[in-house]
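The values are calculated or read from the model by the stated rules, or taken from the named source; none is laboratory data. All values reported here derive from a predicted model rather than from experimental measurement. Here the Cβ is made from the backbone with ideal geometry for all residues, glycine too, and neighbour counts use every protein chain on show. Each accessible area value is taken on the protein alone, full model and side chains, heavy atoms only, with ligands, DNA and RNA left out. Shrake-Rupley method; radii C 1.70, N 1.55, O 1.52, S 1.80 Å.
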Amino acid sequence: VAGFDQVTWGLDAAGQEVNFFSPDIVSFSMLDHMRADPVAFARLVYQNLRDFLGTLFHIRMFPTFLLPFLSLGLFDFAWDRRRAKKEWLLCLSTAPALSFLLFFVQERYIGVLLPLLVIWTAHGLDRFGVWMTDTLTRLLGRPKFGAIWGHVLTGIPVALLLAFCVVMWPREAAGTQASRTAAE
């Protein structure tokens, strides 16, 4: 983060203007930067990938305990061409956020992935509720209770997630300062 601040708000080569507003920044070539030290650039991308995953799958963004539902939402059954096309289009929507792996990672830039993750997680919760309903209906041998169980078993995980949001996320937000990244 200090490196980002220095590159952005440090003085240009002439010492007359901050880099963000300097004409020097326009002449910067990312390709030349990568060619100058490919190993250092690969290390930067690797570190950014680790930061990206650590930031995205954190309690402030997308808690890791939701990953099983996310996986279930994606892989609940085999994909046909129609679904593969739709999922591919959704995956393409991640490209802008993934482009930051080349530069630096900040929560505000990768937060755009949350709606996509929520879509798949919600589908996974629905599939889990259907599975639980079918299982209980077969175990209890009472098919007329299937619809009721479906609503209950889908509603329970959703209610738990909402309770988690109400209780935990405000605590996390209170511990997050506007200059959190500068302090780290």
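For W88, the requirement of being outside any helix (DSSP H, G or I), farther than 26 Å from G54 by Cβ and aromatic (F, W, Y) is not met.
Yes or no, residue by residue, for (1) out of contact with any His (no Cβ under 9 Å at 6 or more places or on another chain); (2) under 28 Å from D126 (Cβ atoms):
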| position | (1), (2) |
| --- | --- |
| D5 | yes, no |
| E17 | yes, no |
| M34 | yes, no |
| L66 | yes, yes |
| F69 | no, yes |
| R83 | yes, yes |
| F100 | yes, no |
| F104 | yes, no |
| G111 | yes, yes |
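Within segment 45-85, the residues that satisfy the criterion of being in a helix (DSSP H, G or I) and basic (K, R) are R50, R81, R82, R83, K85.
Restricting attention to segment 7-44, the residues that are touching a residue at least 12 places away in the same chain (Cβ under 8 Å), touching a strand residue (DSSP E or B) at 6+ places or on another chain (Cβ under 9 Å) and either outside any loop (DSSP other than H, G, I, E, B) or of a type in the set (A, V, I, L, M, F, W, C) (or both) total 2.
In segment 54-73, of all residues being surrounded by 17 or more Cβ atoms within 10 Å (Cβ to Cβ) and more than 13 Å from the chain's Cα centre (by Cα), the one that is nearest to F164 (Cα to Cα) corresponds to F69. Somewhere in segment 75-89, is a residue in contact with a Gly (Cβ under 8 Å, 6 or more places away or on another chain), modelled with pLDDT under 90 and among the acidic types (D, E)? Within segment 75-89, one or more residues are in contact with a Gly (Cβ under 8 Å, 6 or more places away or on another chain), modelled with pLDDT under 90 and among the acidic types (D, E).
Looking at D37, D24, just one residue is more than 16 Å from F100 (Cα to Cα) and either basic (K, R) or at pLDDT 90 or above (or both), and that residue is D37.
Looking at G111, is it open to solvent by less than 50 Å² (accessible area, probe 1.4 Å), assigned to a helix (DSSP H, G or I), within 30 Å of T154 (Cα to Cα) and at pLDDT below 90? Judged against the criteria, G111 is a match. Scanning for something touching a residue at least 24 places away in the same chain (Cβ under 8 Å), among the β-branched types (V, I, T) and out of contact with any Lys or Arg (no Cβ under 7 Å at 6 or more places or on another chain), does segment 99-117 turn up at least one residue? Yes: segment 99-117 contains one or more residues that are touching a residue at least 24 places away in the same chain (Cβ under 8 Å), among the β-branched types (V, I, T) and out of contact with any Lys or Arg (no Cβ under 7 Å at 6 or more places or on another chain).
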